[in-house]
Every structure is written in structure tokens, then in C-alpha cells.
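Contents: one structure, followed by commentary.
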Amino acid sequence: MQPIVIHAGRAFTPFEEIHDAVVVVHGSKISAVGPRGKVDLPRGGREISAGSKTVVPGFVDVHIHGAGGHDVMEGRREALEIIAATVAAHGTTSMVATTVTASEKETRNSVAGIAHFILNTSQYPTRELSAEVLGIHFEGPFISPARRGVHPAKWIVPPSPALLSQFLEEAQGTAQILTLAPELPGALDLISSARRAGMVVSLGHTDATYEQAQAAIEAGASHAAHVFNAMRPFSHRGTGVIGAVLISPKVSAELIADGVHVDEAAMRMLVELKTPERVILVSDGMSATGMPDGKYQLGMFEVKVSEGVARNAEGKLAGSTLTLDRALRNMVALGFPLSSALRMVTTNPARQIGLDARKGVLAPGADADLVILDDKLEVSGVMTRGAGLTLD
Ligand SMILES: [Zn+2]
């Protein structure tokens with residue numbers, strides 16, 4: 001296969017900023033990255049010039065429910081392919097398909113479908129641009145009825161290692177993240193089971209006190225789902241789960257940086273306290289992502305999208321239509337350096353699921369997942385596993 005040589009004004013690996021950068025791609029992998037003159041150029045390579053633009057690693061979204069009119073709970077190949085292609089156009093080159101709370105049967109069917117897709121199809125994309133589905137994030141059903149957001153109350157169940165093991169059987173090794181409420185009876189046992197199965201345990205949709213959240217962190221929880229949203233509110237004499245997440249260096253914090261879910265001061269506070277190494281920008285995107293306003297499905301229930309904001313019939317926020325390119329621009333607009341904001345959409349999420357050698361980084365041996373950004377940080381080109389780069 002003909003190698004591809006990409007020239008750009010600069011690159012962020014994201015650890016390093018390289019001026020006058022060259023990225024060499026062989027097949028689906030990056031083979032070299034560096035400043036022009038320091039990289040051996042392959043003979044007969046196809047040259048792509050990105051001019052003065054910036055090349056960065058493709059974005060990794062660990063909390064996404066759907067896009068392009070489809071929800072991952074559909075579990076069907078066509079739906080997952082449309083979702084993967086829709087987000088790829090916005091720079092998301094890999095994703096963890098996220099379930100919502102549903103009946104045991106629906107969850108098992110969805111998980112079986114997603115797992116089949118991951119194991120048989122996602123690695124061999126049929127579309128030119130396609131985010132790789134890396135695994136499954138279970139958001140529920142072991143969550144707090146008091147902080148359920150739009151997750152249907154009737155399908156919430158108490159923590160059950162037996163039920164988790166049924167889900168894991170359907171997942172065939174693709175289960176990556178479990179979001180649960182640690183204050184529920186039996187949650188600590190469930191955390192141990194999930195950890196033994198190699199899952200990342202995430203605190204979310206939770207009414208936990210500070211002490212309950214600390215106990216979960218000691219038991220192995222290392223992640224927190226969309227921090228501030230669907231959590232017991234912070235108070236100075238009862239800091240709750242938010243207090244525990246903010247001060248524990250072991251916990252990475254998801255943030256929905258759309259300017260609607262969390263206000264500016266809270267976003268700044270999160271990054272200051274967690275440091276840019278422990279913040280993970282997520283879309284929490286639902287099926288209306290990349291679509292006009294209207295009525296859509298989130299899991300099994302209907303959601304109305306107006307001016308890009310998704311709400312259920314009671315007016316509760318129901319996921320978002322955010323894409324990670326916009327989240328990145330929002331963080332830079334808040335004053336964070338591009339290099340810091342980039343970590344939050346690339347290497348931080350990849351590290352959390354143990355894939356930081358392959359995803360979210362420009363380095364030899366990593367997957368050739370790249371995004372070209374213009375001077376306004378708009379996506380001007382995307383490459384997914386060596387395929388699809390055309391520049392506008
Ligand atoms: Zn949620």
C-alpha cells in the first residue's frame with residue numbers, strides 16, 4: 001500500500017507541539033511524526049499538504065449514545081455505521097458506545113448487537129470515514145432513582161453482580177465502562193465484580209455523599225460520568241460525590257462542555273481542580289447529533305430537540321447534540337491552551353480505557369486517526385485508520 005505523507009504548519013501529539021510537521025502513514029498506522037527534515041520520507045509516498053493548518057490526533061468519545069438519527073441501543077449494523085460516520089465528520093475517530101437504562105431484555109439485545117458489530121464489522125469499515133467503536137459503556141441500570149435524569153425509573157435495578165455477568169456474557173469482552181451509583185446497597189460488591197472483569201468503574205447518576213463516593217473510589221472506581229450533571233449538588237458542609245471526585249487524583253472526570261449542561265465557572269473549577277490531565281470531554285451525544293431540530297429517540301424514549309438542546313417531555317436535559325470538535329473550541333474559548341484542551345479529547349479518554357498507545361496520540365505505531373484543524377479550530381479534514389483524508 002502506498003504510504004501517505006502529510007505536511008502541516010504544526011502538529012500536537014498532543015504532548016508536544018511540532019512546527020512545520022510531517023506525519024507519515026503506512027496502511028492504517030502512523031509510522032513517523034516530526035518536524036520536516038527530521039523525518040525520513042518514504043519513496044513514492046502520496047503527499048497531502050495541509051498548508052498552515054494543524055494536525056492533531058483523532059478525538060476519542062467515551063460517552064456517546066448516538067448520532068445521525070440513530071441510537072446505539074438499536075444494536076444494528078446499519079445504525080452503528082451511520083453513528084460512526086456522522087461523528088467521524090466532526091473529528092471523533094473512536095468511541096465507546098453508551099447504553100441507557102432499559103429493560104434487561106432490551107439491554108442484552110442491544111449489547112449483543114453492539115458487541116457483534118465491534119468484533120466483526122467495526123474493524124473493517126465499509127464507509128470511507130468511520131469512527132472505530134472500541135467498546136461499550138453501560139450507563140445504568142444500576143443508578144440512583146433520585147438522580148436518574150431522563151433514564152426511565154421503571155428499568156432502574158439494584159446493583160447485581162449476577163445481572164452484570166449476564167451483560168458481560170453478551171458483551172463478549174467488549175465491556176469497558178460501568179457507570180453506577182455507589183450509594184446503592186451492594187454497589188461496592190458490584191464495583192469489585194466490574195473491576196475483576198477489567199471494566200473502568202464510573203460514578204454517575206448518583207446521590208452519594210462524600211463518604212459513600214470515597215468508599216467507592218477506594219473499592220476501585222476511577223471515573224465519573226458527566227460531572228455536575230445528575231449528581232447530588234455540592235454544598236460546603238456536604239460536598240457529596242462532587243467533592244470526592246474533585247479532590248481525588250485517582251478519578252478522571254467527564255465534562256459535557258456544550259455551555260448548556262455546565263456553566264463556565266463550574267467548567268473552570270473542574271479543570272483547575274482536576275488538572276487538564278484528569279478531565280475528559282464527552283459529547284453524551286444522542287441520535288439528533290448532526291441532525292435538524294425535531295423529535296428523536298434516546299434509548300427507548302422520545303426526546304425533543306430545540307435549538308440543538310435535547311429534553312424529554314418534563315423538560316429535563318436528555319443527552320446533547322454536542323460534537324467533540326465544538327467541545328474543544330468551547331474549552332479554548334474559555335481560555336485553556338489548545339494543548340491542554342486537546343488532551344481532554346484525545347489521550348485522556350484513550351488512557352482511561354487502556355488504549356493510549358493506539359488511540360488519541362500521534363506516534364509511530366498508533367492508529368492513523370487524524371484531524372486537521374484550521375485557524376478557527378474547525379475540522380477541515382479527518383483520517384480514520386489511514387482512510388478518508390481529503391481537505392476542504
Ligand atoms: Zn447520563
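Observations on the model:
- Qualifying residue in segment 274-283 (condition: in contact with a Gly (Cβ under 6 Å, 6 or more places away or on another chain) and among the hydroxyl-bearing types (Ser, Thr, Tyr)): no
- Residue pairs meeting the criteria (Cβ under 9 Å; at least 6 apart or on separate chains; first hydroxyl-bearing (Ser, Thr, Tyr), in segment 296-319; second open to solvent by less than 90 Å² (accessible area, probe 1.4 Å) and more than 16 Å from the ligand (Cβ to nearest atom)): 296/69; 296/305; 306/293; 306/294
- Residue in segment 244-266 that is under 19 Å from residue 325 (Cα atoms), more than 16 Å from the ligand (Cβ to nearest atom) and among the aliphatic types (A, V, I, L, M) present: no
- Test: residue in segment 45-57 that is in a loop (DSSP other than H, G, I, E, B), at pLDDT below 95 and open to solvent by 10 Å² or more (accessible area, probe 1.4 Å): yes
- Evaluated against (1) out of contact with any Pro (no Cβ under 8 Å at 6 or more places or on another chain); (2) among the hydrophobic types (A, V, I, L, M, F, W, C); (3) at negative phi; (4) within 16 Å of the ligand (Cβ to nearest atom), residue 313 falls short on exactly one condition, (4).
- Residues in segment 136-150 that are at negative phi, in a loop (DSSP other than H, G, I, E, B) and open to solvent by 10 Å² or more (accessible area, probe 1.4 Å): 148, 150.
- Number of residues in segment 260-269 that are open to solvent by 20 Å² or more (accessible area, probe 1.4 Å) and touching a residue at least 40 places away in the same chain (Cβ under 8 Å): the value is 4.
- Residues that are under 25 Å from residue 97 (Cα atoms), of a type outside the set (Asp, Glu) and more than 16 Å from the ligand (Cβ to nearest atom) within segment 185-212 comprise 187, 188, 190, 191, 192, 193, 194, 195, 196, 197, 198, 199, listed in sequence order.
- Only strands (runs of 3 or more DSSP E) whose full extent lies in segment 274-320 are considered here, and the ones with at least 1 residues that are surrounded by fewer than 24 Cβ atoms within 10 Å (Cβ to Cβ) and out of contact with any His (no Cβ under 9 Å at 6 or more places or on another chain) are 294-298, 301-306, 309-311.
- Scanning segment 100-146 for residues that are modelled with pLDDT of 95 or more, of a type in the set (Phe, Trp, Tyr) and more than 16 Å from the ligand (Cβ to nearest atom) yields a total of 1.
- Qualifying positions in segment 337-362 - crowded, with 21+ Cβ neighbours inside 10 Å and either over 17 Å from the mean Cα position of the chain (by Cα) or at pLDDT below 95 (or both): 362
The values are calculated or read from the model by the stated rules, or taken from the named source; none is laboratory data. The structure displayed is predicted, hence computed values, not measured ones. Cβ sites come from the backbone with ideal geometry, for glycine too, and all protein chains shown count toward neighbours. Accessible surface areas use protein heavy atoms only, side chains included; no ligands, DNA or RNA. Shrake-Rupley method; radii C 1.70, N 1.55, O 1.52, S 1.80 Å.
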